[in-house]
Amino acid sequence: MKCVFCERVAGRDFLCENEVVVAFPDAFPLSPGHSLIVPRRHEPDFLRLTADEGAAVWRLIAPLCDLLEQRFRPDAYNLGVNVGVAAGQTVDHAHLHVIPRYAGDVPEPRGGIRWIIPAKAPYWRW
């Protein structure tokens with residue numbers, strides 16, 4: 001079975017890259033500029049990346065965000081990782097989502113990633 005992210009890595013059409021990871025646009029973006037940082041090596045589980053791979057992911061965030069700021073002018077970012085099917089992972093290759101956010105893109109942005117479980121997101125109401 002082919003891995004769509006391995007195919008993207010082989011294609012070499014990246015927003016930015018370093019020696020261990022690459023960044024490219026998400027195929028189904030949540031917002032303008034939504035991108036993924038993906039290790040070159042196929043590894044399904046983000047928690048099983050090597051220390052070098054994990055560090056390379058975090059090193060690429062700033063250069064990617066610099067590029068996204070030039071192209072899209074976002075107001076903020078969400079960074080997210082889905083590890084496993086129960087967490088919503090749909091592509092079996094580790095990756096980090098870099099999701100630009102824009103003022104007014106949702107009615108209530110407070111809570112950020114907490115909205116993955118909507119009933120528990122507005123903790124400030126309790």
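Here, each number is a calculation from the coordinates, and none is a lab measurement. Note that the structure is a prediction, hence the values are computed from the model and not measured. Cβ: placed from backbone, ideal geometry, glycine included. Neighbour counts: every protein chain shown.
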Identify, from the list Trp124, Trp115, the residue that is free of Cβ contacts under 8 Å to residues at least 12 places away in the same chain and not in a loop (DSSP other than H, G, I, E, B).
Trp115
Checking the structure you have, find out if any residue of region 48-62 is within 15 Å of the chain's Cα centre (by Cα), surrounded by fewer than 12 Cβ atoms within 10 Å (Cβ to Cβ) and either in a loop (DSSP other than H, G, I, E, B) or not hydroxyl-bearing (Ser, Thr, Tyr) (or both).
yes
From the list Ala23, Ala27, Ala94, pick out the single residue that is among the hydrophobic types (A, V, I, L, M, F, W, C), touching a residue at least 40 places away in the same chain (Cβ under 8 Å), under 17 Å from Cys3 (Cα atoms) and part of a loop (DSSP other than H, G, I, E, B).
Ala94
For region 26-40, how many residues are surrounded by fewer than 16 Cβ atoms within 10 Å (Cβ to Cβ) and farther than 17 Å from Gln89 by Cβ?
2
Restricting attention to region 34-89, report how many residues are within 16 Å of Phe24 (Cβ to Cβ) and among the aromatic types (Phe, Trp, Tyr).
1
Residues within region 70-90 that are aliphatic (A, V, I, L, M), part of a loop (DSSP other than H, G, I, E, B) and in contact with a strand residue (DSSP E or B) (Cβ under 8 Å, 6 or more places away or on another chain), tallied:
1
